[in-house]
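Read through the structure below, which is laid out as structure tokens, and then see the notes.
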Amino acid sequence: MEVKIKSMKYEDFKDNEYIEQLINELKASHTNVVVGCLDEVINWGRSNSLWPLTFATSCCGIEFMSLGAARYDMARFGFEVARASPRQADFVMVAGTIVHRMAPVLRRLYDQLAEPKYVVAVGGCAVSGGPFKKSYHVLKGVDEILPVDVYIPGCPPRPEAMFYGLMQLQRKVKVEKFFGGVNRQEKREKVLGK
Amino acid sequence: MANIQQEISSFLPEATFVEGTILEVSVPDAKWHDLALYLHDKLHFDYLVSIVGMDWGETMGCVYYFTCTADNSQVSVKVETADRENPLLHSVTDLWKSAYLYEREVYDFYGIRFINHPDMRRLFLRNDWVGYPLRKDYNADPEVNPIRLEHEAVDDTTHAIVETPDGKLEERTNTIFAPEEFVVNIGPQHPATHGVLRLRTSLDGEIVKKIDVYCGYVHRGIEKLCESLTYPQTLHFADRLDYMSAQQNRHAVCLCIEDALRLEIPARAQYVRTIMDELMRISSHLLFYATFCMDLGATTAFFYGFRDREKILDIFEETCGARMTFNYYTIGGLMADIHPDFQRKVKEFCAYLPGMLKDYHTLFTGNVIAQQRMKGVGLLSREDAISYGIAGPSGRASGWACDVRKNHPYALYDQVEFKEIVRTEGDVFARYMVRMDEILESIHIIEQLIDNIPEGDYALKMKPIIKLPEGRYFRQVEASRGPLGIFIESHGDKYPYRLKINSACLPLVGGLDPMCRGGKIADLIAIGGSLDYVIPDMDR
Amino acid sequence: MLFDFSIVTHWIDNLLRSVMPGWGALLVEFVLVGVALLLLYAVLALFYIYFERKVCAFFQCRLGPNRVGPYGIFQSVADMFKILIKELISLNHIDKFLFNLAPYLVIVASMLAFGCLPFGKGLQVIDFNIGVFFLIAVSSIGVLGILLAGWSSHNKFTLIGAIRSGAQMVSYELSIGLSVLTMVVFAGTMSITGIVEAQNNGWFIFTGHIPAIVAFLIYLVAGTAETNRGPFDLPEAESELTAGYHTEYSGIHFGFFYLAEYLNLFIVSGVASLLFLGGWMPLHIPGWEGFNYVMDCIPSVLWFFGKAIVISFIIIWFKWSFPRLRIDQLLRLEWKYLLPLNLINLFVMVLIVIYGLHF
């Protein structure tokens, strides 16, 4: 099965094996047709209406702003309504370095997001600590405290790279199941320690 | 300089001197406050540029840098204490208000406590952090300071050490917020704090009564990291400090190192550096326009600013290969030569932008609502600007001619002709207009240089390992938000013994509280926007 | 000339009454009207969300949504699907009853106002003699919802937002009331059909000349403030209060606030078109029979929605061009400028009506 995104051809994505594996895992638990159709409609809505939380700590935040600005215009894809309140956002783009003092705050923001919620780690710092990896005060990747769905490397990543990452997130959302559990439960439990 | 030296030695015979580009005075701590008073009142060193905390092994202490705003002479003072267990120095917060944050920073990094400082809390690190990270014997084991996911305790009180008139030291507790006050947390995640700044704001209805600033939500420990990197390696952090003035920051580090090595930079590199600095300044001020207008609710202006900023980024990208973190300057010149299209594109841009600026002014500046929101709001007098160390465009809006490009010219700034924009109102509108006018001046500078870039080498041949001669070096450049100072203490190794970045943005938040008091919440946002601080720069 | 929708409604009424008793017919009609209103409500909201996004995108040199459906027209549908199934976070330390009640109050207020908007000739849920009064009364319930939302959320930002909103709405209600009153004086009736019919020979904004134009301008300003839209969006001032009074709301509850904002925009523009631009009445110029005939060929529903959308466009234009006012400036504008101006205007209108100085 192909996961289609209007903005980009299926062959142009670099990690189709990953998404196919994800689909196969999901298929293993058979769903009936009606539920499948409903799932499709819901996922269509979800994937086309991902509202980011306005959250940024450093350089990547400026690129995130460029993403919303005239040249790149993320409104085209439905990422338009950047909400300042975490209750109303769908995903948090961790744009920038996360340090020890910020970690509990970010974690609280994540907890305040309403389900379904996603995390995108943007830039070297959020992916692995980046150039500040050896610092005493920097987290070595935001996945130490949050379950990350998409990693976008770069320092800072270009807006095009961010779009690629966000489309990957759209694909992930598209194969999700509303009925019968969220497919990321296992990983999330591991990170959040619930 | 000899004059200052004579005056100080006649006032304080036990002071010792080290001559260099900046005179360095060493005094024992007991006499330090007297000397500070003398410097401030008699010698008119009214601008405290920086306090550099130091750990010299046996002793710890501070190096203070002062400037006299009347004649721009500089002096530095070294104070040390041998007590490593309970280091104490005298505070100078009563003389220079900018010392309030600087001394808290030193306490945070070195554990040196300041006598008579009203508020000895940590500035950047959590209040339950163990150890003082910039000490040479700091225990960096992650077991000691693991990632804590519980929230730090809210401090409504703070402690201070006060010297009683008979010379005894007393511990005191000061109240920041009384329990009955209505305290709102603005930040760390808030759309108008330009990043992750936290302002605990006490409100009376809509009126701001007091602001307590919390920094450090993106403190990355760059200064400590630099101590284990070679000089060329330290450069790349400069781009990531204040990413809106990446080129100028890197210029500062390069200048400081080149000064120490007494290098003569090729003329071509000097030209390109000056042009790049000014382009960066324009792009930063465009971003200021965009975000400031959005803070005031004029969303469309945001898109206009970003649209034109993209054009500068295109120029940068062709030459430097990146949109934001350029890594373009290097010790002894530039990383690469300019792109063949560089001159043409820059000229096109310089012709294009003034027309757009007119649009900006019709869209926003002339608007009645905008004028009412800006004029007479967030007043800052010249004396306060100097005392709080609020330099750069914000200081110039208060009538303080503090442009490093004029006062201590570097690169080609002594050869080009440009006006230093100074306004005297000191309100939000003045700060806004200074920046908008500086865009035009920057274009003017670029136009003088762009056709005359000389042929020749763009960089000196440097060895991969650079060793700086022993000594202390301090160099400032005018970044987009104010003077950025780089302090390097070298012990002759290939690594800096201490590299301190004197951020232009940290003093800005220091002045937030007096400027906002009595204003509305909306004014707080407008003032914050007009100061245009960048959080990663102040947190480092 | 114009197709009268009351023919259709009477036909349905008679049909129902012929097959069941009177109360049964009434019941079925209630349900039918309710469903029709709900549908209209949802469709309008979706349209307005898309409309505003596209309009503001073009103001801002962008494209706006264009991936979901042709030209992105299904973007707001996708948003609706998502927001319907988003989690409703249950919070501790809040007044649960009021917290859950608030969004419904807001939505009910705007839905009630729909009850007496004249969508077309004969196409109106209730047509009674104090229709305008009912409109004003109903639209002021919304502020209760906002106040409750801010109060019950146990959050300082929402509280400030709610208090701001209370001060703002109560003040601007005055201006709206007075400017509407000016037009009621001119029309001589509070009945909505009466007002529309009175504009048969020219819309009020033309026949009432100066005071009508002044009243129209004041109404636009006050109406923008009533809907909490920029430059008067202080209750949810994003750069000051994160999301204002609805900071703590998630999922469909937030969706209600979001929808109500757009629906209120429609109601404000609908009332403006009713009072000043003739409601569903086509543009008639006395004496130009041919012109009037051509104008009558355009269905009344199109006239009403067309006018409402044009006025909405103007209000959206405000929002995306002006910076936000400060709370003291906002109140000063109302109490020191708009209110006295309004009173004088009302007086002028009375003189004009008495001496018959209108067209």
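Odds and ends about this structure:
- Every residue from the range B:226-249 that is open to solvent by 20 Å² or more (accessible area, probe 1.4 Å), within 8 Å of chain A (Cβ to nearest Cβ) and part of a helix (DSSP H, G or I): B:H236
- Pick from the range C:132-165, criterion more than 14 Å from every other protein chain (Cβ to nearest Cβ) and more than 19 Å from the chain's Cα centre (by Cα), ranking: nearest to C:L181 (Cα to Cα): C:L147
- Any hit, the range B:490-513, residues being within 14 Å of another protein chain (Cβ to nearest Cβ) and farther than 30 Å from B:W56 by Cβ: no
- Top-ranked residue in the range B:374-396 [being in contact (Cβ under 8 Å) with a residue 40 or more places away in the chain and more than 15 Å from B:P514 (Cβ to Cβ); ranked as nearest to the other protein chains (Cβ to nearest Cβ)]: B:M374
- Test: residue in the range C:45-58 that is surrounded by 17 or more Cβ atoms within 10 Å (Cβ to Cβ) and of a type in the set (G, A, S): yes
Matching residues to (1) farther than 30 Å from B:Y217 by Cβ; (2) of a type in the set (D, E, K, R):
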site	(1), (2)
B:I466	yes, no
B:P483	no, no
B:D493	yes, yes
B:C516	no, no
B:K520	no, yes
B:G528	no, no
B:D532	no, yes
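- Restricting the range B:355-373 to residues that are touching a residue at least 40 places away in the same chain (Cβ under 8 Å) and of a type in the set (D, E, K, R) leaves a set whose member that is nearest to the other protein chains (Cβ to nearest Cβ) is B:R373.
- Among (1) within 21 Å of B:V77 (Cβ to Cβ); (2) in a loop (DSSP other than H, G, I, E, B); (3) of a type in the set (K, R), the one test that B:R104 misses: (2)
- Number of residues in the range C:76-93 that are farther than 14 Å from A:V41 by Cβ, facing another protein chain (nearest Cβ under 7 Å) and of a type outside the set (A, V, I, L, M, F, W, C) equals 2.
- Criterion (within 18 Å of A:S58 (Cβ to Cβ), in contact with a helix residue (DSSP H, G or I) (Cβ under 7 Å, 6 or more places away or on another chain), touching a residue at least 24 places away in the same chain (Cβ under 8 Å) and open to solvent by less than 20 Å² (accessible area, probe 1.4 Å)) met by exactly one of B:V218, B:V253, B:V208: B:V218
- The range B:385-422, subset touching a Gly at 6+ places or on another chain (Cβ under 7 Å) and surrounded by fewer than 24 Cβ atoms within 10 Å (Cβ to Cβ), residue nearest to B:T67 (Cα to Cα): B:G399
- Strands (runs of 3 or more DSSP E) completely within the range A:49-153 that count 2 or more residues being crowded, with 24+ Cβ neighbours inside 10 Å, at pLDDT 85 or above and more than 9 Å from every other protein chain (Cβ to nearest Cβ): A:91-95, A:118-122
- Odd one out for C:S90, checked against (1) in contact with a Lys or Arg (Cβ under 9 Å, 6 or more places away or on another chain); (2) open to solvent by 60 Å² or more (accessible area, probe 1.4 Å); (3) modelled with pLDDT of 80 or more; (4) not aliphatic (A, V, I, L, M): (3)
- Filter pass, B:F17 being open to solvent by less than 10 Å² (accessible area, probe 1.4 Å) and not β-branched (V, I, T): no
- Flag for B:L23 being touching a residue at least 40 places away in the same chain (Cβ under 8 Å), farther than 27 Å from B:G111 by Cβ and of a type in the set (A, V, I, L, M): yes
- For first residues located in the range B:489-515 and without any contact (Cβ under 8 Å) to a residue 40 or more places away in the chain, partners that are part of a loop (DSSP other than H, G, I, E, B) and surrounded by fewer than 24 Cβ atoms within 10 Å (Cβ to Cβ) and lie 6+ apart or on another chain with Cβ distances below 8 Å form the pairs B:H491/B:E470; B:H491/B:Y497; B:G492/B:K467; B:G492/B:L468; B:G492/B:P469; B:G492/B:E470; B:D493/B:K467.
The values are calculated or read from the model by the stated rules, or taken from the named source; none is laboratory data. All values derive from a computational prediction rather than experimental measurement. Backbone-built Cβ (ideal geometry, glycine too); neighbour counts: all protein chains shown. For the accessible areas, the whole protein counts, side chains as well, though only heavy atoms, and no ligand, DNA or RNA atoms are used. Shrake-Rupley method; radii C 1.70, N 1.55, O 1.52, S 1.80 Å.
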